[in-house]
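The block underneath contains the structure these notes are about, expressed in structure tokens.
All of the numbers you see were taken from the coordinates with simple rules; none came from a lab. Values in this document were obtained by computation on a predicted structure and should not be read as measured data. Using ideal geometry, Cβ is built from the backbone for each residue, glycine included, and neighbour counts are taken over all protein chains shown.
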Amino acid sequence: MAEKTVLIVDDEPSIREMIAVALEMADYNYLEAADAREAHALVVDKQPDLILLDWMLPGTSGVELARRLKKDETTAEIPIIMLTAKVEEDNKIQGLEVGADDYITKPFSPRELVARLKAVLRRTTPAGVESPIEVDGLTLDPVGHRVFTPEAELSIGPTEYRLLQFFMTHQERVYTRSQLLDQVWGGNVYVEERTVDVHIRRLRKALGDQHDHLIQTVRGTGYRFSTRAA
């Protein structure tokens, strides 16, 4: 299984440590944050595969952070499991209404946590993250980190690969250069927006005449991956 990264957001170090040990034993990578501000910075910069989010945090609450993440299209697809000592039914409903994918009440066993985490990841993992995705004869294999056509494997650089993987899993939507920088390079990486244009040109060249038309320039806005005529 491809390695997944889980962000643990809890203000209690002992709980973060317990979860971290459980994740390590289950072969997951993990990041830690003690409050909403630190968590949000890590989400934007590292794009974890799943967030374990405590309801009660100092300052901004976990449920408010979940609401913020789900309203932002650059983070909306990251699954969230709420962790809380609250057992009232209305609080569970509130957590799910803001977009949480599951809800675990403290105290919980590490085995239960990992089992629920795996179930959420299975439900929310899109094509192109673990399984190959094919568009018009162009195939991206995320496990082997390869791109190929029926005729040959393509030679493609690491940044161009990440761009192509993002495009193929987010088809028919226009993205600005700024949004592409956030999604492909990471929110805290400071590079010029025109850097995107350079890598788009390289990607089109790598795809060749047969598939370069899939990456369309949308004048005045950005880029789109589409099988339809521009």
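Things to note:
- Pairwise Cα inverse-distance average, inverted: Kirkwood Rh of the chain (Å): 19.1
- In the structure shown, the pairs Lys71/Lys106; Lys70/Lys205; Lys46/Lys118 are assessed against 25 Å; a Cα-Cα span above that value is assigned to Lys71/Lys106; Lys70/Lys205.
- Low-density loop cleavage sites - GluC sites (Glu not before Pro) in the range 139-230, where at most 14 other Cβ are within 10 Å (DSSP): Glu151, Glu172, Glu192, Glu193
- A Cα-only calculation for the range 5-124 places Rg and Dmax at 12.8, 34 Å.
- Which of Ser14, Ser226, Ser61 has the fewest Cβ neighbours within 10 Å, and the rest in rising order: Ser14, Ser61, Ser226
- Positive-end residue of His213, Val135, Thr149, charge dipole of the chain with Cβ unit charges: His213
- When Rg and the Kirkwood Rh are both derived from Cα coordinates, the Rg/Rh ratio for the range 133-225 amounts to 0.94.
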